[in-house]
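Just so it is clear, none of the values below were taken in a lab; they were calculated from the coordinates. All values derive from a computational prediction rather than experimental measurement. For neighbour counting, all protein chains shown are included, and Cβ atoms are generated from backbone atoms with ideal geometry for every residue, glycine included.
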Amino acid sequence: MEYSPILALTTALFEVGVAVWALRGPGDRSIVRTTAAILFLLAGYQVVEVAVCANVGASGVLPRLAFLDVTWLPPLGLVLVAQLHRPRSRVFHVASRTMLAAALGIAAWIALDRSFATASVCSAVYARYTHVMPWFVVYSGFYWIGLFGMVVFSGYGAKTSADPHRRRLLAQVLCGTLGFVVPAAVTSWFIPTASGALPSVMCHFALILAVFLARMIALERRQTGRAESPTAAHEAA
């Protein structure tokens, strides 16, 4: 089936729209900026995939650019979780910084290794890529460790964080992460036509994560509005 860019472009527009909306509103600026960065990266992958599938045979560096883009998603997800958790967790921050350092090394590897990823087939709404084995296993391990960390840390924070508001925000990250990782894995494993296209399938399902991040920002705005309202200020006085 011929590749259609409509889903990817629509998803990208939504993710960019939410990112811009988040940046223009109130809320903890570190949380807002990290969330916006994640959304821009999600949108960036969609746009690059459309460019790749426009001419698979002449895609050049675009497949590697797609992986360069998504390399930063799990580390930034861990950064967001660390920023959300209260009280501040040294373990969370060390884990996020370690993943960021690993992502920097992975990104350099992708940039220098022309054989890291080449476009293979674009079908319907997803793309398959060809990789040199066994080195791609290293990348996969890095990626799944990051996603697993997002699930474990956000789940732990949603249950134990001292601030009820931050628990609600962490629950959005947990639901958003599970909401795209689980169906993407199931789709890739059990639907034959999507076999071998997990990175592409996962990024399309990441629209679910974007929706939960939008809800998270909305909750943060509501809490900020309450804190800044005259009534709240009067009660605090």
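Every Cα-Cα pair of segment 1-131 was included, and the share exceeding 17 Å stands at 64 percent. Per-residue ellipticity at 222 nm, computed for the chain from helices alone with -39500 (n - 2.57) per DSSP H run of at least four residues, works out to -25500 deg cm²/dmol. Sparsely packed loop sites in segment 1-97 (the trypsin sites (Lys or Arg not before Pro) outside DSSP H, G, I, E and B with at most 16 other Cβ atoms within 10 Å) comprise Arg24, Arg88. Cysteines in the chain lacking any other cysteine Cβ under 4.7 Å from their own Cβ: Cys175, Cys203.
To the nearest 10 degrees, how steeply does helix 29-54 sit against the main Cα axis of the chain, on a 0 to 90 scale? Taking Cα atoms only, the helix is inclined about 20 degrees. Working from Cα positions, state the angle (0 to 90°, nearest 10) between the long axis of helix 207-228 and the longest principal axis of the chain. Taking Cα atoms only, the helix is inclined about 20 degrees. Shown here: the chain, whose C-alpha atoms stretch 67, 35, 32 Å along the first, second and third principal axes, sorted largest to smallest. For the chain, averaging the sequence separation of C-alpha pairs within contact (under 8 Å, six or more residues apart) and dividing by the residue count gives a relative contact order of 21 percent. Charged side chains reduced to their Cβ positions (Lys and Arg at +1, Asp and Glu at -1) give segment 6-227 a dipole of some 880 debye around its Cα centre. Averaged over residues, the count of other Cβ atoms within 10 Å places the peptides 75-85, 121-131 in the sequence 75-85, 121-131, highest first. Couplings 3J(HN,Hα) of segment 175-184, computed from phi: 5, x, 5, 4, x, 10, 6, 5, x, 5 Hz, in residue order, whole Hz [Karplus 6.51 cos²θ - 1.76 cosθ + 1.60, θ = phi - 60°; x for Gly and Pro].
So what's the angle, to the nearest 10 degrees on a 0 to 90 scale, between helix 90-112 and the longest Cα principal axis of the chain? For 90-112 against the chain, the angle is about 30 degrees.
Tell me, Leu169, Leu198 in order of fewest to most beta-carbon neighbours within 10 Å?
On the way: Leu169 30, Leu198 19.
Final ranking by Cβ density, sparse to dense: Leu198, Leu169.
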